[in-house]
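Since the structure comes first, as structure tokens, the remarks are kept for the end.
The values are calculated or read from the model by the stated rules, or taken from the named source; none is laboratory data. Quantities reported herein were computed from a predicted structural model and do not represent experimental measurements. Ideal geometry is used to build each Cβ from the backbone, glycine not excepted, and the neighbour counts take in all protein chains shown. Heads up: the accessible areas ignore ligands, DNA and RNA and are worked out on the full protein's heavy atoms, side chains in. Shrake-Rupley method; radii C 1.70, N 1.55, O 1.52, S 1.80 Å.
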Amino acid sequence: MHYFHYKTNNLYCEDVKVSDIAERIGSPCYVYSYRTLMEHFKKLQSAFKAINPLICYSVKANSNMAICKALVNEGAGLDIVSGGELFRALKIKTDPKKIVFAGVGKTDEEIEYAIKAGILFFNVESEQELERIQEISIKLRKTVDVCLRVNPEVDPHTHHYIKTAKKESKFGLSFAAARLLLLNRGRFFNVQIKGLHMHIGSQITEAWPYIHAIKKVNGFIKEMKSHGVSFQYLNIGGGMGIIYKKEIAQTADIFAKAIAPLLKGGLKVILEPGRFIVGSAGILVSRVTFVKETESKNFLVIDSGMNDLIRPTLYEAYHEIAPLHRRPKAKQRQYDIVGPICESGDFLAKDRLMPQIHAGEYLAVMCAGAYGFSMSSNYNSRLRVAEVLVKGDKYFVIKERERYSDLIKKERIPPLI
Ligand code: LLP
């Protein structure tokens, strides 16, 4: 579900003609729909209202401050994984008691920063990290709350690179390792272990992997109870998938109906959705630079590439690509849609059947709101693109396009050169 649709053959984002944005702001640019963003958040909230979870939007999906702020204003907390994301969260005045901090490699500086900020808790991924948090908390003379991230060893049948709960995965603690820490929790006298965290992967379109994982975690909670260990929080992570192609829709309601009954044990539930909220709320607008026809392929060479949206290159991800101006009677042709980067992996789509396209036309890469801009780079010294937020019939630049001078702003040529 999203608010990008055609009106008289022109693509609109809510009430704004997307080509008007492209003409004014320039191409490429990311365009986001405020209404889509908000509705997804509210759908999750209402689907889970019986258990009233804290929904911590996963900042890594799209970390633009305007996007995060819009969600925070609506009551969202934030799931962060770095000092940089904490900086963003504090900058937009997120209540620190709604910030949770995950990640396998938190540095001393990041731990100290988060303790000083007074975040709700860390999601701890190893014994070494727990020891480090304890040392730093003693130094800062503050007690600290944590949840242990457990690895329930469930394969959610998603892309290999975005599974996070396989036995060999780097994330979290096995139940055996978590058990040892909990039974010896006296060692961590300055740290309160308040709950458990799991995050099994991303772009998961069915409920069953969650059901398997939560059942395992619930079993572990019960076992720990028999040892006198009780918890306050159960954080089930993010990972809910969206429709990129023909995936079967898993609405918030269907998802909640399937898993909420397993979450009624009295613990405060936390969700960490990223893609589900922002994925379909954004598109990447690009312009066709050349139509290059060779003996074996027709290429649309466009002005955005893998540095702007790396998902097709990295995961062979499918994104629908549609012209901003649709010509229903145009004959169909098959194209590879490629960027200007000097890599064969620089493509946004392969063998895509679409109406014939000419140089100079604009295209929209759909469902690019999550892990689009946030994974972009300056590779090939390309400028990171502008981001625009549409609300109704208005639009706002929420990140300016970089300039050449931004590329070298932090570089220094030493005197020996
Ligand atoms: N919580 C934790 C601890 C996570 O590691 C992640 C994502 C999330 C929540 C949010 O997951 P989501 O609801 O967005 O699926 N770059 C990849 C996705 C990587 C996800 C990393 N972790 C992609 O473009 O598909």
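Rank M224, M240, M65 by mean-square fluctuation in a GNM of the chain with C-alpha springs under 10 angstrom and give only the top-ranked residue. Comparing M224, M240, M65 in the GNM, the peak value goes to M224. Measuring with a 1.4 angstrom probe and ignoring ligands and nucleic acids, S377 comes out at about 40 Å² accessible.
Two numbers describe the Cα atoms of the chain: Rg and Dmax, which are 22.9, 73 Å.
Evaluate the range 103-271: find the radius of gyration of its Cα atoms, find its Kirkwood radius, and give the ratio Rg to Rh. Walk me through the numbers on the way to the answer.
Working: Rg = 16.5 Å, Rh = 16.7 Å.
Rounded to two decimals, Rg/Rh equals 0.99.
For the range 322-364, the fraction of 1.4 Å probe accessible surface lying on carbon and sulfur atoms is 52 percent. A dipole drawn for the chain from +1 and -1 charges on Cβ atoms has a positive end, and of L407, L300, P261 the residue lying farthest that way is P261.
Have a look at the DSSP beta bridges in the range 103-271 and tell me what percent are antiparallel, nearest 5. Write out the running numbers ahead of the final one.
Values: 1 of 18 bridges.
Close to 5 percent.
Checking every one of the trypsin sites (Lys or Arg not before Pro) in the range 57-110 against DSSP loop status and a limit of 11 other Cβ atoms within 10 Å picks out K93. Solvent-accessible area of the range 198-316 (1.4 angstrom probe, protein heavy atoms only): carbon and sulfur portion equals 55 percent. For the residues C342, C13, a 1.4 Å probe over the protein chains yields an accessible-area ranking, largest first, of C342, C13.
Write out the trypsin sites (Lys or Arg not before Pro) in the range 272-343 meeting two conditions: DSSP loop, and at most 12 other Cβ atoms within 10 Å of their Cβ.
Values: sites: R275, R287, K292, K297, R326, K329, K331, R333; in loops: K297, R326, K329, K331.
Qualifying residues, ordered by number: K329, K331.
Which entries of K93/K245; K167/K297; K170/K194; K69/K409; K69/K215; K49/K222 show an alpha-carbon separation above 32 angstrom in the structure shown? Flagged as over cut-off: K93/K245; K167/K297; K69/K215.
When the chain is treated as a Gaussian network with alpha carbon springs shorter than 10 Å, the biggest mean-square fluctuation among Y30, Y379, Y233 belongs to Y379. Surface exposure of the range 103-271, expressed per residue as accessible area with a 1.4 Å probe, stands at 47 Å².
So how tilted is helix 108-117 from the main axis of the chain? Cα-based, degrees 0 to 90, rounded to 10. That helix lies at roughly 80 degrees to the long axis.
Given their separation in residues at 0.36 nm each and the Cα-Cα distance between them, K97 and V229 gain 45.2 nm when the chain is fully extended.
Ranked by solvent-accessible area (1.4 Å probe, protein heavy atoms only, all chains present), the residues R384, R149 order from largest to smallest as R384, R149.
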